[in-house]
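Colleague: For reference, the structure I am asking about is given below.
The values are calculated or read from the model by the stated rules, or taken from the named source; none is laboratory data. Not measured: the values here are computed from a predicted model. Ideal geometry is used to build each Cβ from the backbone, glycine not excepted, and the neighbour counts take in all protein chains shown. Just so you know, the surface numbers come from the protein's heavy atoms only, side chains and all, with ligands and any DNA or RNA stripped out. Shrake-Rupley method; radii C 1.70, N 1.55, O 1.52, S 1.80 Å.
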Amino acid sequence: ATTLGSAASAKGKYFGTAAAAYKFSDSVYTGLLDREFTMVTPENEMKWDATEPSQNSFSYSSADTIVNRAKANGQRVRGHALAWHSQQPGWASSLSGTALRNAMVNHITNVATHYKGQLYAWDVVNEAFSDNGDGSRRSSNLQQTGNDWIEVAFKTARAADSTAKLCYNDYNTDGVNAKSTAIYNMVKDFLARGVPIDCVGFQSHINSASPLPSDYQANLQRFADLGVEVQITELDIAGSGTTQANTYANVVKACLAVTKCTGITVWGIRDSDSWRSGDTPLLFDNSGNPKAAYNSVISAFGAT
Ligand code: G3I
């Protein structure tokens, strides 16, 4: 039978989901996870607070649960996220300056080494640009260690794992705007200077108030034209019924139109699994039944 993964594979793309290890005792959840998807992103289990709860002591068990299940299912894995201002363990969020910079480098080295050769891609840096409309960096403890923290993170990840594609990941970048253009300029600069970067992740958390921008595809294409892969990394679309289904189809069509768009990941399986479940933004309802949006994704890939 057709699945999201098989429909996408027929067009040379992956179709993935965020996965939560603590839901692996729910057989409806794991049934859908194992059957429908060809890529998996640990929703929280690879974040700094989860993997290095106290300084220089690492715990990988819940993330390994996800990675091992994916491997057993022939699914690939996206790592998420090595350096991010959010979900830092308390000991890190209270650091600054050289101490924080060194802690970030040590964290990336250890975690990227642990998963070396096992991941399709890493979200090396997540959400480093601000939403204030001027293309500036987000002011965070990591930013305050120096403007070069992002390239240091990428170089550190590459030194630890030469196989994973190294991505920059962000949200509110779904059209051509000050934030996406600032990221575009950073990627262009990195490529010009030989800073290792392979991909840009577009989270694409879409609100019903602001549906897909008309330049969504053009924005993806301009990054692809720089020579990096583009990935839709956290797709969820607030709404329901036909409107929601059509917007999902439009995201699929945009990715199909951009050769370097390698795949789409939805940020959860059932609406009840969503970080914003009240928006019913995913492809399966709370009982795990496919919604109209599911059918429109399948048909947008040209499958039936
Ligand atoms: O694991 C603890 C649990 O032990 C505790 O009982 C419970 C209540 O306090 O909290 C649980 O941790 C929660 C975790 O999700 C796992 O469920 C955290 O409080 C909660 O903050 C965390 O939320 C996650 C959020 O990132 C945090 O920033 C969401 O699940 C996750 O979907 C969301 O994902 C982010 C991406 O990583 C980056 N892009 C935006 C996206 C949505 O915010």
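Colleague: For segment 116-128, how many residues are open to solvent by less than 10 Å² (accessible area, probe 1.4 Å), more than 13 Å from LYS165 (Cβ to Cβ) and either part of a strand (DSSP E or B) or more than 16 Å from the ligand (Cβ to nearest atom) (or both)?
Modeller: Number satisfying all stated conditions: 2.
Colleague: Please go through segment 169-185 and give me each residue that is within 16 Å of the ligand (Cβ to nearest atom) and within 11 Å of ALA128 (Cα to Cα), ordered by number.
Modeller: ASN169, ASP170, TYR171, LYS179, ILE183
Colleague: Show me the helices (runs of 4 or more DSSP H) entirely contained within segment 40-102 in which 1 or more residues are away from the ligand (no atom under 16 Å from the Cβ).
Modeller: Where helices (runs of 4 or more DSSP H) fall fully within segment 40-102 and carry at least 1 residues being away from the ligand (no atom under 16 Å from the Cβ), they are 61-72, 90-93.
Colleague: Given (1) of a type in the set (Ser, Thr, Tyr); (2) assigned to a loop (DSSP other than H, G, I, E, B); (3) more than 15 Å from the ligand (Cβ to nearest atom), identify the lone condition not met by THR113.
Modeller: With respect to (1) of a type in the set (Ser, Thr, Tyr); (2) assigned to a loop (DSSP other than H, G, I, E, B); (3) more than 15 Å from the ligand (Cβ to nearest atom), THR113 is out only on (2).
Table: residues versus (1) open to solvent by 60 Å² or more (accessible area, probe 1.4 Å); (2) at pLDDT below 95; (3) in contact with a Pro (Cβ under 7 Å, 6 or more places away or on another chain).
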{"residue": "GLY16", "(1), (2), (3)": "no, no, no"}
{"residue": "LEU33", "(1), (2), (3)": "no, no, no"}
{"residue": "MET46", "(1), (2), (3)": "no, no, no"}
{"residue": "GLN55", "(1), (2), (3)": "yes, no, no"}
{"residue": "TYR60", "(1), (2), (3)": "no, no, no"}
{"residue": "HIS80", "(1), (2), (3)": "no, no, yes"}
{"residue": "ALA103", "(1), (2), (3)": "no, no, no"}
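Colleague: Restricting to segment 18-31, count the residues that are surrounded by fewer than 15 Cβ atoms within 10 Å (Cβ to Cβ) and away from the ligand (no atom under 16 Å from the Cβ). Quick ask: steps written out before the conclusion?
Modeller: Here is the first cut: in segment 18-31, the ones surrounded by fewer than 15 Cβ atoms within 10 Å (Cβ to Cβ) are 22, 25, 27, 31.
Imposing the further condition that a residue be away from the ligand (no atom under 16 Å from the Cβ) reduces the set to 27, 31.
Number satisfying all stated conditions: 2.
Colleague: Do we find a residue being within 16 Å of the ligand (Cβ to nearest atom), among the hydroxyl-bearing types (Ser, Thr, Tyr) and outside any loop (DSSP other than H, G, I, E, B) anywhere in segment 189-209?
Modeller: Scanning segment 189-209, I find no residue that is within 16 Å of the ligand (Cβ to nearest atom), among the hydroxyl-bearing types (Ser, Thr, Tyr) and outside any loop (DSSP other than H, G, I, E, B), so the answer is no.
Colleague: Now, a different point. If you go through segment 161-193 one residue at a time, how many are within 16 Å of VAL125 (Cβ to Cβ), open to solvent by less than 10 Å² (accessible area, probe 1.4 Å) and of a type outside the set (Ser, Thr, Tyr)?
Modeller: 9
Every residue, every condition in (1) in contact with a helix residue (DSSP H, G or I) (Cβ under 7 Å, 6 or more places away or on another chain); (2) assigned to a strand (DSSP E or B); (3) more than 16 Å from the ligand (Cβ to nearest atom), yes or no:
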residue: ILE264; (1), (2), (3): yes, yes, no
residue: GLY268; (1), (2), (3): no, no, no
residue: TRP275; (1), (2), (3): no, no, no
residue: GLY278; (1), (2), (3): no, no, no
residue: LEU282; (1), (2), (3): yes, no, no
residue: SER287; (1), (2), (3): no, no, yes
residue: TYR294; (1), (2), (3): no, no, yes
residue: VAL297; (1), (2), (3): yes, no, yes
residue: ALA303; (1), (2), (3): yes, no, yes
